[in-house]
Amino acid sequence: MLTWADQVVFEKTGKHLSSLQEAILMGVWDSQKYGDIAHQYNCTEPHVRKAASELWQVISEEVGEVVNKSNLRSTFGRIQLNNSSHSYFWKDVKIENISYCGNSTKPPEAKQNAPPKSTDNQQYSIIKPQIDLRDAPELATFYNRTSELNILKQLILEKQSRIIAILGISGMGKSAIARHLVEQIKTEFDCIIWRSLRSFSCLETMLKELIQFLSNQTELNLPDDLDGQLAILLECLRDRRCLIILDDVQCLFKEGQLVGNYQPEYQNYSKFFKLIGELTHNSCLLFNSWEPPLEVVTLSGESGLTQIFPLTGLGEKATELLRNQGLQDQENYPELIDLFRGNPLYLKLANNLILQLFGGKISKYISYKSVCLGDELSQILQQQYQRLSELEKEAIAFLSSRPQPVPLSQLLEQFSDAPNQLFKVLLSLERRGLIEKQNLDNEIVFIVDPVMQNYILSCYD
């Protein structure tokens, strides 16, 4: 039945059955109510009724009689009888071996719209997902992130997470892992769109682009208010299985403030993240950032529907990167990797510097007490440092000046005038990935990312 209905809808509208339309046909065949279908498909009952009405109209026009929820079984039973007895034709559509739907009442989640199966008389091309990756980086050399990719695929495809935030300092490969992830899961979605907030950050502009693409409409008549636009976006996310990727979300936030404070013109993104994280749908928003929106931090928890995924360094897997770059004295690879915390970009920049100034000898480079970072890496670190609030700068400078991990008790003594502010500062620095928290001898201690520590110390030289 689905094959025939898909063929009819495609010839009438130029579009194949959506996953919601498939769910309606399967649900109605199994005598489900529209409310039950809406609950299982994570959308509203009025939305299901509207989609069903449009579907019945298309089918009714094709068969020349009224088809609806009440008579679907009897109509298709008669179609099959006529087909087997009289080689029944409707216009140019031949009905061959129409099969009844199975007993499953659950709508297909994360399923690509299925094209009609090819027959002896007709061949149909495989329907590909609708994809817009104009803002995405090119696929490039990608060092081993197999375990991270498998976790992300599980969060999206098995746990059906609505929001996933890939967080980490610059150079960790957040965009690269998202780009390779898209290649591995793209057949699981009806549509995929990638947008960089470096290109444009205005929510209204982005919503218009998203709705236009996800609804597959060139002309839009959107409401003027943000709530109305967000409601339309949500219906798009319910009607189709969509993957939205947003790059460089840190562009939304203020410099000189604690983590996650929006610039005034982007404050409305708070509603955007809350809506996608809180309300039911079958789609996923994946984004990367140097720092998380506070709404996403609040929504993350045991449900798994909103996930924060900190992307750390390559660790030992960075050995392949260094070997390919031509560095000598491989026995010093672990020390160099540890110094730069396995950050792929930082290691590449350090590699260039070692080749140019130290003849490719890692041992000579790391022998200097004050590690030379080079202009390119210093500029990247400066961008991250400038985002910090004044109290964050003061705290990270104090931590950087200490050769050993600093206990919380010592920090409280240093910042005794503002203990509550200190706790907020430490949380903010940790969420930025600039400090690490450890438990040493039953006491909480803090250490600074060693590359940032070298940068800060060089600024005070």
message: Exceeding 19 Å between C-alpha atoms, which entries from my cross-link table qualify? They are K317/K348; K348/K437; K33/K69; K174/K317; K159/K186; K254/K393.
response: K348/K437
- prompt: For the range 291-354, which GluC sites (Glu not before Pro) are both in a DSSP coil and crowded by at most 16 other Cβ atoms within 10 Å?
  reply: E302
message: Run the numbers for S370 and E255: contour at 0.36 nm per residue of separation, minus the present Cα-Cα distance, in nm.
response: 38.6 nm
- prompt: Under 5 Å between amide H atoms, partner at least 5 residues away or on a different chain: which partners does D132 have, H built in plane at 1.01 Å?
  reply: I192, I193, W194
- prompt: Hey, what's the chain come to in accessible area per residue, 1.4 Å probe, Å²?
  reply: 48 Å²
- line: Calc'd 3J(HN,Hα), the range 430-437, phi into Karplus 6.51 cos²θ - 1.76 cosθ + 1.60 (θ = phi - 60°), Hz, glycine/Pro = x, comes to 5, 5, 7, x, 9, 10, 10, 10
task: Could you look at the chain and say what percent of its accessible area is carbon and sulfur, using a 1.4 Å probe and all protein chains?
output: 47 percent
task: Specify whether the C-alpha gyration tensor of the range 338-442 places it in the rounded, prolate or oblate class, a ≥ b ≥ c being the square roots of the eigenvalues: rounded for a/c under 1.5, otherwise prolate if a/b is larger than b/c and oblate if not.
output: prolate
message: So for each of 437-445, 359-367 I average, over its residues, the number of other beta carbons within 10 Å; can you give me the resulting order with the highest mean first?
response: 359-367, 437-445
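Label the range 220-267 by shape, choosing from rounded, prolate and oblate, from the square roots a ≥ b ≥ c of the eigenvalues of the Cα gyration tensor; if a/c is under 1.5 it is rounded, and otherwise prolate applies when a/b is larger than b/c, oblate when it is not.
oblate
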field: Accessible surface of M172 - all protein chains present, 1.4 Å probe, nearest 10 Å²
entry: 20 Å²
- prompt: Under the classification rounded if a/c is under 1.5, otherwise prolate if a/b is larger than b/c and oblate if not, where does the range 262-334 fall, given a ≥ b ≥ c as square roots of the Cα gyration tensor eigenvalues?
  reply: prolate
Gap separating the Cα centres of the range 250-298 and the range 1-54, nearest whole Å: 33 Å
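At a 1.4 Å probe radius, which order do T44, T75 fall into by accessible area, largest first? Working shown, then result.
Numbers: T44 55, T75 5 Å².
Of T44, T75, the descending order of accessible area is T44, T75.
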- request: For an R0 of 56 angstrom, estimate the FRET efficiency from the Cβ-Cβ distance between S31 and F398 and round to the nearest 0.05.
  value: 0.25
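Mind checking the range 1-61 for trypsin sites (Lys or Arg not before Pro) that DSSP puts in a loop (not H, G, I, E or B) and that have at most 13 other Cβ atoms within 10 Å? Don't skip to the end; give the middle numbers.
On the way: sites: K12, K15, K33, R49, K50; in loops: K15, K33.
Those that pass, being in a loop and sparsely packed, are K15, K33.
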message: Using the Karplus curve 6.51 cos²θ - 1.76 cosθ + 1.60 with θ = phi - 60°, what ³J(HN,Hα) values do you get for each residue of the range 349-363, in whole Hz, with x for Gly and Pro?
response: 5, 5, 4, 4, 5, 5, 5, 6, 9, 10, x, x, 8, 5, 4
task: Report the full-extension gain for the segment D338 to L440: residue separation times 0.36 nm, less the Cα-Cα distance, to one decimal in nm.
output: 34.8 nm
- prompt: Out of (i) 25.5; (ii) 24.7; (iii) 23.0, which label holds the value of Kirkwood radius over Cα pairs in Å that was computed here?
  reply: (i)
message: Loop-only GluC sites (Glu not before Pro) in the range 147-253, please: DSSP not H, G, I, E or B, and at most 14 other Cβ atoms within 10 Å.
response: E219
query: Spin-label point model (7 Å from Cα, Cβ direction): what's the T205 to L279 distance in nm?
result: 2.5 nm
Accessible surface of I151 - all protein chains present, 1.4 Å probe, nearest 10 Å²: 80 Å²
message: Students often get this wrong, so check it: of K274/K424; K153/K424; K50/K208; K15/K208, which have C-alpha atoms separated by over 27 Å?
response: K153/K424
message: Could you work out how much longer the chain between K12 and H39 gets when fully extended? Use 0.36 nm per residue separation minus the Cα distance between them, nm to one decimal.
response: 6.9 nm
query: FRET efficiency for T141 and I308, Cβ-Cβ distance as r, R0 = 30 Å, nearest 0.05?
result: 0.65
- request: Return the whole-Å distance between the Cα centroid of the range 163-177 and the Cα centroid of the range 131-150.
  value: 11 Å
task: Could you tell me the accessible area of S70 in Å² (1.4 Å probe, neighbours in place), rounded to the nearest ten?
output: 120 Å²
- line: Calculated from DSSP helices alone, with each H run of at least 4 adding -39500 (n - 2.57) and the total divided by the residues of the chain, [θ]222 nm to the nearest 500 comes to -14000 deg cm²/dmol
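The values are calculated or read from the model by the stated rules, or taken from the named source; none is laboratory data. The shown structure was predicted, so the numbers you read here are calculated from the model rather than taken from an experiment. FYI the Cβ positions are ideal-geometry reconstructions off the backbone, even for glycines, and counts take in every protein chain you see. Quick note on the areas: whole protein, heavy atoms, side chains included, nothing else; ligands and nucleic acids left out. Shrake-Rupley method; radii C 1.70, N 1.55, O 1.52, S 1.80 Å.
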